[in-house]
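Participant: Would you mind keeping the following structure in view while I ask a few things?
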Amino acid sequence: MFYQRFTFRLSTRLLLINILAFALVYLIRNTELWFTIIGLSAVLLGALISLYQYINQIKDDIRRFILAVKTRDSTLNFKNKATKGSFPELYESFNDIIQVHKDIQLEKDSMFQLIRAILEQVPAGVIVVKDNKENNRQREIVFFNQAAASLLNIPAYKYWHRLVEHIPQFAKEVEAIGRGGKRFMEFKIQDKLIQLSTEVIPLNLYNTDYTIVSFQNIKDEIEQKESEAWNRLIGVISHEILNSITPISSLSDTVNSMIINKETLNHEELEDLKPAIQTIKRRSEGLLDFVKDYRLIAELPTPVLEYHTIGEILQHIKVLMQPFASGRNIILKVEQTSSKISIRIDLKLVEQALINLVTNSIYALEHAEHPVIEISYKLDQNKLYLEVSDNGKGIEAELIEKIFVPFFTTRKNGSGIGLTITRNIMKMHQGNLEVSSVPFEQTTFSLVFRYQ
């Protein structure tokens with residue numbers, strides 16, 4: 001429709017120009033009506049100028065529209081031309097496209113403000129730096145939330161070099177992380193010790209490099225966890241000591257009442273004293289064993305790290321634990337004993353950790369119909385897992401955290417130090433001990449090592 005209107009108007013103008021040109025040529029050749037010739041020439045010139053402006057105006061409008069789209073200028077509109085121009089539908093489409101761009105920009109701005117508001121409320125510090133490869137001093141900080149200013153005790157600086165000048169140690173640690181990673185850092189700000197868990201994430205948006213620095217003060221959390229651990233440990237130790245001291249104290253009172261004000265004892269009285277003295281001796285020895293177990297946890301030897309293959313580790317455990325498992329009619333499956341993957345460990349300590357886990361599995365399989373223990377390994381990203389799985393009674397969800405507390409045990413005659421020692425061994429290897437359990441289906445303990 002609008003093309004037909006444009007064609008009609010353009011054809012009309014061209015036809016008028018041709019008629020005027022033909023009439024002008026005719027008058028010049030055949031007459032001497034100079035005033036008419038001059039007037040007709042002026043009308044022809046005006047028609048040519050009008051045609052040029054008409055076409056040029058449409059070209060300018062298209063150019064303005066394209067520029068508005070490129071620069072995201074939503075103030076431009078063609079409302080008047082959409083009703084009066086040669087291309088009403090075209091100009092209406094221009095308006096629709098500009099409005100869509102405006103709505104998209106408003107939505108993006110709203111989302112940006114929402115994200116900004118959320119980041120301002122999180123307790124972790126967040127700093128976003130716009131990198132400048134040409135001039136490091138001109139690295140602009142495009143976002144600096146309130147938590148970051150509070151944790152670092154500095155104002156929200158606009159440029160990174162100002163932060164470097166104020167807290168050089170923090171900036172140095174961030175630079176040391178480089179192109180992404182995590183690090184624990186500890187330093188003083190105005191004589192106050194802070195401990196930060198810091199992560200650096202590089203990001204490229206629209207060919208511009210950004211660095212996101214996020215950090216959180218974990219000092220209070222660490223102190224709280226330490227306090228909770230000490231409270232649990234003190235509770236267990238107090239329980240064990242009281243279990244031994246109470247009968248000792250009671251029997252001591254009994255013995256004291258039997259011998260007080262007596263210089264000699266007859267045979268019958270001596271026979272009565274023997275059970276009490278033997279019980280005191282037995283409970284005292286139990287208390288001494290408890291103290292030895294505690295020392296065993298606290299005094300693990302420093303690991304001597306050497307490279308060993310996974311196959312070698314698994315083969316050793318198979319040889320060590322096969323007789324014990326077979327004696328209890330338990331199937332022990334040790335797979336991948338030929339693996340050549342190597343890790344740097346203290347073989348004796350890691351063997352002790354695996355022995356502890358396999359021993360626990362053997363006791364967990366009592367009364368199981370088809371008892372099976374599987375020892376295997378797997379690689380996942382930058383971690384290596386040595387896994388001990390069994391189909392025994394498992395661990396209930398509420399006991400998962402308690403099983404790592406020293407001296408906590410669900411087994412009769414158990415010492416409650418095996419898992420504690422195993423976890424400490426893994427910490428000495430910068431690793432971890434993980435557990436997952438579905439009672440009476442599968443329980444898996446994993447020794448998790450860093451592997452690169």
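Participant: Once amide H atoms are built 1.01 Å from N in the peptide plane, which residues 5 or more positions from Phe78, or in another chain, come under 5 Å H to H?
Facilitator: Asn95
Participant: List every residue whose amide H lies under 5 Å from the amide H of Ile189, counting only residues 5 or more places away in sequence or on a different chain, with H placed 1.01 Å from N in the peptide plane.
Facilitator: Correct list: Ile194.
Participant: Using Cα-only point scatterers and the Debye equation, what is log10 of I(q)/I(0) for the stretch 71-180 at each q in 0.18, 0.19, 0.21 Å⁻¹, rounded to two decimals?
Facilitator: Scattering profile of the stretch 71-180, log10 relative to I(0): -0.93, -0.99, -1.11.
Participant: Can you give me the relative contact order of the stretch 295-388 as a percent, contacts being Cα pairs under 8 Å and 6 or more apart?
Facilitator: Relative contact order for the stretch 295-388 comes out at 32 percent.
Participant: Could you state the orientation-averaged shadow area of the convex hull built on the Cα atoms of the stretch 301-340, in nm² to one decimal?
Facilitator: 3.7 nm²
Participant: Please give the Cα centre distance for the stretch 124-203 versus the stretch 381-402, rounded to the nearest Å.
Facilitator: 39 Å
Participant: So, one more: Which value, in debye to the nearest 20, gives the size of the charge dipole of the stretch 321-401 about its Cα centre, when Lys and Arg are +1 and Asp and Glu are -1 at the Cβ?
Facilitator: The calculation lands at about 440 debye.
Participant: Report, in listed order, any pair from Lys340/Lys427; Lys188/Lys427; Lys182/Lys378; Lys130/Lys158 with a Cα-Cα distance greater than 21 Å.
Facilitator: Over 21 Å Cα-Cα: Lys340/Lys427; Lys188/Lys427; Lys182/Lys378.
Participant: Using the scaling law 2.2 N^0.38 Å as the reference, what is the normalised Cα Rg of the stretch 161-211?
Facilitator: Normalised Cα radius of gyration, the stretch 161-211: 1.29.
Participant: Within 10 Å of each candidate Cβ there may be at most 10 other Cβ atoms; applying that plus a DSSP loop requirement, which chymotrypsin sites (Phe, Trp or Tyr not before Pro) in the stretch 150-213 survive?
Facilitator: In loop regions of the stretch 150-213 (DSSP not H, G, I, E or B), the sparsely surrounded chymotrypsin sites (Phe, Trp or Tyr not before Pro) are Tyr206.
Participant: Seen from all sides and averaged, what is the projected area of the convex hull of the Cα atoms in the stretch 316-452, in nm²?
Facilitator: 8.3 nm²
Participant: Hey, another quick one. Give, rounded to the nearest 20 debye, the magnitude of the charge dipole that the stretch 60-215 has about its Cα centre when Lys and Arg contribute +1 at Cβ and Asp and Glu contribute -1 at Cβ.
Facilitator: The dipole of the stretch 60-215 has a size of about 260 debye.
A short reminder: the numbers here are calculations on the coordinates, not readings from a lab. Because the structure is predicted, anything quoted here is derived from the model rather than measured. Positions of Cβ are backbone-derived with ideal geometry, glycine not excepted, and every protein chain shown enters the neighbour counts.
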